[in-house]
2 protein chains.
Amino acid sequence: MGFEQNIRRVEPYVAGEQPEDKDIVKLNTNECPYPPSPALIRRAEQLSMQQLRLYPDMNAGKLVDALAAYYQVRPSQVFAGVGSDDVLSLSFMTFFHSDRPVLFPDVTYSFYDVWAQLHGIPYELCPLDENFCIRREDYLRPNGGIIFPNPNAPTGILESVDTIEEIVRKNQDSVVIIDEAYIDFGGESALPLVDRYENLLIVQTFSKSRALAGLRIGFAIGSEKLIGYLKDVKFSFNSYTLNLPSIELGAAAVADDAYFRETVNKIIRTRERTGAELAQLGFSLTDSRANFLFVSHESVPAAELFAALRQNRIYVRHWNRPRIDNHLRITVGTDEQMERLLAFLKNYLKNRKGV
Amino acid sequence: MGFEQNIRRVEPYVAGEQPEDKDIVKLNTNECPYPPSPALIRRAEQLSMQQLRLYPDMNAGKLVDALAAYYQVRPSQVFAGVGSDDVLSLSFMTFFHSDRPVLFPDVTYSFYDVWAQLHGIPYELCPLDENFCIRREDYLRPNGGIIFPNPNAPTGILESVDTIEEIVRKNQDSVVIIDEAYIDFGGESALPLVDRYENLLIVQTFSKSRALAGLRIGFAIGSEKLIGYLKDVKFSFNSYTLNLPSIELGAAAVADDAYFRETVNKIIRTRERTGAELAQLGFSLTDSRANFLFVSHESVPAAELFAALRQNRIYVRHWNRPRIDNHLRITVGTDEQMERLLAFLKNYLKNRKGV
């Protein structure tokens, strides 16, 4: 049989393309169209590379302290990891250690079922309603844990903090994880609830609103108890993961709140403007509170638009999955990028109707 | 019962201390006492932080290409990860997917049993002989995979490439992983075997010989088949882990071979000189081919020496584990650091005898 009998086979993940060509309008992976904070760039110039010979601080103390100060929690309530994917995968491993199924929406971030399978965790999908909203009663039954993004991906739909609080309050026997990767673009965070509910974990990322996808930083905030368990699991099998540049530059980025707010507000304005224009072109849109739009055209199939855009060097995201296969997810770029998108669509739809 | 019933409990790992105090002689975590390559420092000055807004290349192409060129293999034979702990943990997950036990030495790197337990992999310890050498016949029985470090940790003992080749050749039904974290300090690598044995994986790290513990880079080299499976597993659950600074600066470090050789040779010379002096003080030493010494004193218990050194601000490593609890592992630092260590020991042993 040979050595391949012992090898784990998986279905490879297909990520959004990362083209080298700078001329492509890249609206496919929800990156920030603006550069990181100038404070980070100044810090990078001073960063001593001599220190790289030493292991980094395994607690990522500087970064954790910066986040704790910013979000007004104790450092012992903060856990930092290599992107929110790392934090979420570790959280699945730590908090969903149960024989009962973990609950999450049918239309949601595509790694939840992957991590559940990876860690041998049973799970059940809870179908969103016809408007892609959570039906809160779905989450009020016995379970081994709950997770959903807020705003949801790829719909952009925001649930209220009231809904989240009810779900957290009525699930004292489970850990509830709210994946707030996109919360900074106009949503209300459930963070203030962590001091009242020990079973709530909030996960966020530096990859979107903080323009640092290339540094790989994600973090969780919760009760000291939850963060303690998460650290125990993480340190038990891989102590050093966040590198020195991530810790130092991440901390510098957090400190520059003015730049952060300015960037986020620009993206929100561009999102609203672009959404209004897309509606005029016959698109229906969800009320996205994220840095992307989730759209469906009244007469032209999403797959066709995806291919036409791609041919015109505009990359957006399309999934061949039930319920969302007639939608496109379009990252909010700069105003210039959005104008190129709108100009192309206007022209394409006009000519197509004329055929 | 509450939510804690669903939480995975683990025994927290105790890492070597990372004191902030610069006056401490830090010989406890096998870091390089010399700074990283000047070529890396120059590259860091030019690195554009603007790019950080984008996700990094998930294939770490530049780093993989640099390693492939350096080790004269194809890029498709190289996998890069967040330190060799990340690469090894992923390799356990990918290659030891068997009901038969994985085999490794009883005295070895302390994470092997942790990863086996983490991924639900059965394992059996193979006792080293009385000189801490591998008994190759232990590895010639049915198994689900084989792993050992070469040189071994924390003994520093090197096995010959002939021994490794025999184990690899006689285990065509398993993947054999050689963890070469310390190979650059005078050992002969088994790398040339990867072109003849599809079931062999070599894992190395940038944390020791390349003076980059703070960047977190490890890598594996093997057959295209093994590397392909490893990538599939990794990308299936966390696509982006190595950040932009790691990819760019890691590639720059690999390119500076002259500096690398010079650093490694300095450490080897200091190791040999220090070893000879320790022998004169009544220590017995293994024939270490790593950047550490593994020593035991003829009359003074290791635990006592460890505590006395620590009180004098010299940090080394000691484990309360069977077979090695009367040994110390001492990282090879600069000549100045070693002189401080030797001066203290000389004085301590003289006064103790006199008591």
Self-check item: Subset of the stretch A:12-26 [more than 7 Å from chain B (Cβ to nearest Cβ), part of a loop (DSSP other than H, G, I, E, B) and either among the hydrophobic types (A, V, I, L, M, F, W, C) or within 21 Å of the chain's Cα centre (by Cα) (or both)]
Solution: A:V14, A:G16, A:E17, A:P19, A:I24
Practice problem: Test A:L341 against the criterion of being at pLDDT 95 or above and in contact with a helix residue (DSSP H, G or I) (Cβ under 7 Å, 6 or more places away or on another chain), and give yes or no. | Solution: no
Quiz item: Just a yes or no: is a residue in the stretch A:44-55 within 13 Å of chain B (Cβ to nearest Cβ), in contact with a Ser or Thr (Cβ under 9 Å, 6 or more places away or on another chain) and either of a type outside the set (D, E, K, R) or farther than 30 Å from B:T205 by Cα (or both)?
Solution: yes
Quiz item: Is it fair to say A:S288 is touching a residue at least 24 places away in the same chain (Cβ under 8 Å), in contact with a Ser or Thr (Cβ under 8 Å, 6 or more places away or on another chain) and surrounded by 21 or more Cβ atoms within 10 Å (Cβ to Cβ)?
Solution: yes
Quiz item: Which condition breaks for A:G222 when tested against (1) within 9 Å of another protein chain (Cβ to nearest Cβ); (2) closer than 26 Å to B:P12 by Cα?
Solution: (1)
Quiz item: Of all residues in the stretch A:276-291, how many are out of contact with any helix residue (DSSP H, G or I) (no Cβ under 8 Å at 6 or more places or on another chain), in a loop (DSSP other than H, G, I, E, B) and among the hydroxyl-bearing types (S, T, Y)?
Solution: 1
Quiz item: Is it true that A:V82 is closer than 30 Å to B:G145 by Cβ, facing chain B (nearest Cβ under 8 Å) and over 18 Å from the mean Cα position of the chain (by Cα)?
Solution: no
Quiz item: For the stretch A:198-213, how many residues meet the condition of being aliphatic (A, V, I, L, M) and under 30 Å from B:E4 (Cβ atoms)?
Solution: 4
Quiz item: Within the stretch B:172-180, is even one residue closer than 30 Å to B:R269 by Cα and more than 17 Å from the chain's Cα centre (by Cα)?
Solution: no
Exercise. Pick out, from the stretch A:146-251, the strands (runs of 3 or more DSSP E) lying fully within it that include 2 or more residues that are open to solvent by 20 Å² or more (accessible area, probe 1.4 Å) and of a type in the set (F, W, Y).
Key: none
Exercise. State whether the residues of the stretch B:210-229 include one that is without any contact (Cβ under 8 Å) to a residue 12 or more places away in the chain and within 30 Å of A:Y112 (Cβ to Cβ).
Key: no
Quiz item: Hey, among B:F185, B:F148, B:F132, which residue is of a type outside the set (D, E, K, R), more than 30 Å from B:V10 (Cα to Cα) and either in contact with an Asp or Glu (Cβ under 6 Å, 6 or more places away or on another chain) or touching a residue at least 40 places away in the same chain (Cβ under 8 Å) (or both)?
Solution: B:F185
Quiz prompt | Checking A:I268 against (1) within 13 Å of another protein chain (Cβ to nearest Cβ); (2) surrounded by fewer than 23 Cβ atoms within 10 Å (Cβ to Cβ); (3) of a type in the set (V, I, T), the condition it does not meet | solution = (1)
Quiz prompt | Members of the stretch B:27-43 found to be hydrophobic (A, V, I, L, M, F, W, C), at the interface with chain A (Cβ under 7 Å from one of its Cβ atoms) and in contact (Cβ under 8 Å) with a residue 40 or more places away in the chain, listed by number | solution = B:C32, B:L40
Quiz item: Residue check, B:Y197 against (1) within 10 Å of another protein chain (Cβ to nearest Cβ); (2) on the phi < 0 side of the Ramachandran plot; (3) touching a Phe, Trp or Tyr at 6+ places or on another chain (Cβ under 9 Å), all met but one. Which one?
Solution: (3)
Exercise. Tell me, yes or no, whether the stretch B:311-319 has at least one residue that is in a helix (DSSP H, G or I) and either out of contact with any strand residue (DSSP E or B) (no Cβ under 8 Å at 6 or more places or on another chain) or more than 26 Å from B:G187 (Cα to Cα) (or both).
Key: yes
Quiz item: So, in the stretch A:1-11, of the ones that are hydrophobic (A, V, I, L, M, F, W, C) and not in a helix (DSSP H, G or I), which residue ends up nearest to the chain's Cα centre (by Cα)?
Solution: A:V10
Quiz item: Restricting attention to the stretch A:117-139, does a residue exist that is open to solvent by 40 Å² or more (accessible area, probe 1.4 Å), of a type in the set (S, T, N, Q) and under 30 Å from A:S284 (Cβ atoms)?
Solution: yes
Exercise. Select from the stretch A:252-262 the residues that are surrounded by fewer than 22 Cβ atoms within 10 Å (Cβ to Cβ) and in contact (Cβ under 8 Å) with a residue 40 or more places away in the chain and write down the one among them that is farthest from A:K350 (Cα to Cα).
Key: A:A255
Self-check item: Residues of the stretch B:322-351 satisfying the condition of being more than 21 Å from the chain's Cα centre (by Cα) and of a type in the set (G, A, S)
Solution: B:A343
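Can you name every residue in the stretch A:272-295 that is more than 14 Å from every other protein chain (Cβ to nearest Cβ) and under 18 Å from A:S189 (Cβ atoms)?
Of everything in the stretch A:272-295, those that are more than 14 Å from every other protein chain (Cβ to nearest Cβ) and under 18 Å from A:S189 (Cβ atoms) turn out to be A:D287, A:S288, A:R289, A:A290.
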Quiz item: Scanning for something in a loop (DSSP other than H, G, I, E, B), open to solvent by 70 Å² or more (accessible area, probe 1.4 Å) and without any contact (Cβ under 8 Å) to a residue 12 or more places away in the chain, does the stretch A:335-344 turn up at least one residue?
Solution: no
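Yes or no, residue by residue, for (1) within 11 Å of chain B (Cβ to nearest Cβ); (2) more than 18 Å from the chain's Cα centre (by Cα); (3) not hydrophobic (A, V, I, L, M, F, W, C):
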position: A:K62; (1), (2), (3): no, yes, yes
position: A:P75; (1), (2), (3): no, yes, yes
position: A:F92; (1), (2), (3): yes, no, no
position: A:V107; (1), (2), (3): no, no, no
position: A:H119; (1), (2), (3): yes, yes, yes
position: A:L125; (1), (2), (3): no, yes, no
position: A:L128; (1), (2), (3): no, yes, no
position: A:C133; (1), (2), (3): no, no, no
Quiz item: So, of the residues in the stretch B:2-26 that are among the hydrophobic types (A, V, I, L, M, F, W, C) and surrounded by fewer than 20 Cβ atoms within 10 Å (Cβ to Cβ), which turns out to be farthest from A:V14 (Cα to Cα)?
Solution: B:I24
Practice problem: Could you tell me which of the residues A:S236, A:S284 is closer than 26 Å to A:E17 by Cα and either hydroxyl-bearing (S, T, Y) or in contact with an Asp or Glu (Cβ under 6 Å, 6 or more places away or on another chain) (or both)? | Solution: A:S284
Quiz item: For A:A153, are the conditions met, namely being in contact with a Cys (Cβ under 6 Å, 6 or more places away or on another chain), of a type in the set (G, A, S) and touching a residue at least 60 places away in the same chain (Cβ under 8 Å)?
Solution: no
Quiz item: So, of the residues in the stretch A:246-277 that are of a type in the set (S, T, Y) and out of contact with any strand residue (DSSP E or B) (no Cβ under 7 Å at 6 or more places or on another chain), which turns out to be nearest to B:L47 (Cα to Cα)?
Solution: A:S246
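The values are calculated or read from the model by the stated rules, or taken from the named source; none is laboratory data. Treat the numbers as computed from the prediction; the structure is a model and nothing was measured. Ideal geometry is used to build each Cβ from the backbone, glycine not excepted, and the neighbour counts take in all protein chains shown. Each accessible area value is taken on the protein alone, full model and side chains, heavy atoms only, with ligands, DNA and RNA left out. Shrake-Rupley method; radii C 1.70, N 1.55, O 1.52, S 1.80 Å.
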